[in-house]
Amino acid sequence: MTAIRVSGLVSRYGGFTAVDGVSFEAARGEVFALLGRNGAGKSTTVEVLAGFRRPDEGTVRVLGLDPAGERAEVRRRTGVMAQEAGFFPDLTVARTIDTWRDFTAAPRPRAEALELAGLTAKAGTRVRQLSGGEKRRLDLALATLGRPEVLFLDEPTTGMDPQARRATWELVRELARAGAAILLTTHYLEEAQRLADTMAIMDAGRIVTAGGITQTLAGLRGRVAFRLPAGVDPAELPLPVALDGDTAVCAADDPDLAAQRLLGWAAERGLRLTGLEVRTATLEDLFLDGSAR
């Protein structure tokens, strides 16, 4: 069932068009990653979906509702984790959650919200004493307080340590498994690749690449990289390579097969291929090879 539907969205700031004819859909139980460089139009799109901005053109529906015209109902059924949240710095974490609970329909109990965000030990700590990553976890606790059917996560793990980031990833997966539609923006491409089912890449306000993560990456070539042995001419290698300093990089549809061929060639000549790296395509490759622009 479609939870988010965007059709021909245009959003302007004066004479500047931040979002230019964007269309996409996300279903319940799906994590949809909206990716792109700074200024691509991602955050503006999220602001329109959350009802903070009216579209200049196009149609936007969240759970079948108009976020701008039916904002109260949309807000009741959605959660928003923005890039920057407005906390009261002298309130404790527990008091902050209690304050938000007063404005949330059927909220989670405070203890559940604290545990969900990994902040139980920080309940009595004032917000101003939290680290940047801890504040993001408090953002997450507040965004999920009302058990949202749709959750907007704008750069959710910025500033988090690796352990907190992975705990957040697992929470996102749990929410999706429970049926929530999740729209994620992130600059951590590994995060998008691990979490998202589908994605769209924006550039200059437009979507330039879209589709399922698995299907999109299946169309890209993997790579084999290794240190070029001393005295070896790249032209001698059995496969074409590009040089990055003393590192040889071979693009391949089947990187495992390419690695076997290169290792066999090296063994026949009594050579070692040190620093060998074999990997399939990633979202980072999609950005770096120019396919996303």
query = How high is the relative contact order of the range 220-288, in percent, counting Cα pairs under 8 Å that sit 6 or more residues apart?
reply = 46 percent
ask   = Taking 0.36 nm per residue of separation and subtracting the Cα-Cα distance, what length does fully extending residue 84 through residue 267 add?
value = 60.4 nm
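Could you work out the helix-only [θ] at 222 nm for the chain, with each DSSP H run of four or more residues adding -39,500 (n - 2.57) and the total divided by the number of residues, to the nearest 500 deg cm²/dmol? List each step's numbers first, then the result.
Working: 10 runs with 92 residues, N = 293.
After summing the helix terms and dividing by the residues of the chain, the value is -9000 deg cm²/dmol.
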Distant-in-sequence amide H partners of residue 3 (H built 1.01 Å from N, under 5 Å) = 26, 27, 28
ask   = Using a basic spin-label model with each label point 7 Å from the Cα along Cα→Cβ, how many nm lie between residue 98 and residue 235?
value = 7.8 nm
request  = Quick one: which residues, 5 or more positions from residue 125 or on another chain, have an amide H under 5 Å from its amide H? H modelled 1.01 Å from N in the peptide plane, none for Pro or chain starts.
outcome  = 93, 94
key: Prolate/oblate/rounded label for the range 200-253 (Cα gyration tensor, a/c 1.5)   = prolate
remark   = Long-range amide H partners of residue 252, meaning residues 5 or more apart or on another chain whose placed amide H is closer than 5 Å, are 222, 223, 224
key: ³J(HN,Hα), Karplus 6.51/-1.76/1.60, whole Hz, each residue of the range 127-133, x for Gly, Pro   = 4, 5, 8, 7, 6, x, x
ask   = Taking a quarter of the surface of the convex hull around the Cα atoms of the range 145-228, what do you get in nm²?
value = 8.3 nm²
Longest to shortest principal axis, alpha-carbon extents of the range 10-55, angstrom = 37, 23, 16
key: Separation in nanometres of the label points that stand 7 Å from Cα toward Cβ, at residue 125 and residue 1   = 3.9 nm
Fraction of the pair-distance distribution of the range 58-104 above 13 Å, Cα-Cα pairs, percent = 66 percent
query = Across the range 220-288, how large is the tail of the calculated P(r) beyond 16 Å, expressed as a percent of all Cα pairs?
reply = 42 percent
0 to 90° range, to nearest 10: angle between helix 162-177 axis and the chain longest Cα axis = 70 degrees
ask   = Expressed as an acute angle from 0 to 90° and rounded to the nearest 10, what is the orientation of the C-alpha long axis of helix 255-268 relative to the principal long axis of the chain?
value = 30 degrees
task = Between residue 247 and residue 13, with labels modelled 7 Å along Cα→Cβ, what's the label distance in nm to one decimal, could you check?
result = 3.5 nm
query = Residue by residue through the range 234-251, which ³J(HN,Hα) values in whole Hz follow from phi under the Karplus form 6.51 cos²θ - 1.76 cosθ + 1.60 (θ = phi - 60°), with glycine and proline marked x?
reply = x, 5, 6, 5, x, 10, x, 9, 10, 9, 10, x, 9, 9, 9, 10, 10, 7
ask   = What are the radius of gyration and Dmax of the range 2-217, computed over its Cα atoms and given in Å?
value = 16.8, 48
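Sorting check: for 223-230, 117-124, which peptide has the highest mean count of neighbouring beta carbons within 10 Å, and how do the rest follow?
Numbers: 223-230: 18.1, 117-124: 16.5.
Highest to lowest by the protection proxy: 223-230, 117-124.
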key: Whole-Hz ³J(HN,Hα) from phi, Karplus 6.51 cos²θ - 1.76 cosθ + 1.60, for the range 186-201, glycine and proline x   = 7, 8, 8, 5, 4, 4, 5, 5, 6, 9, 7, 8, 9, 7, 9, 10
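Just so you know, all these numbers are worked out from the coordinates, no wet-lab data involved. Bear in mind that the values here come from a model prediction, so they are computed numbers and not experimental data. Positions of Cβ are generated from backbone atoms using ideal geometry, with glycine treated the same way; all protein chains shown enter the neighbour counts.
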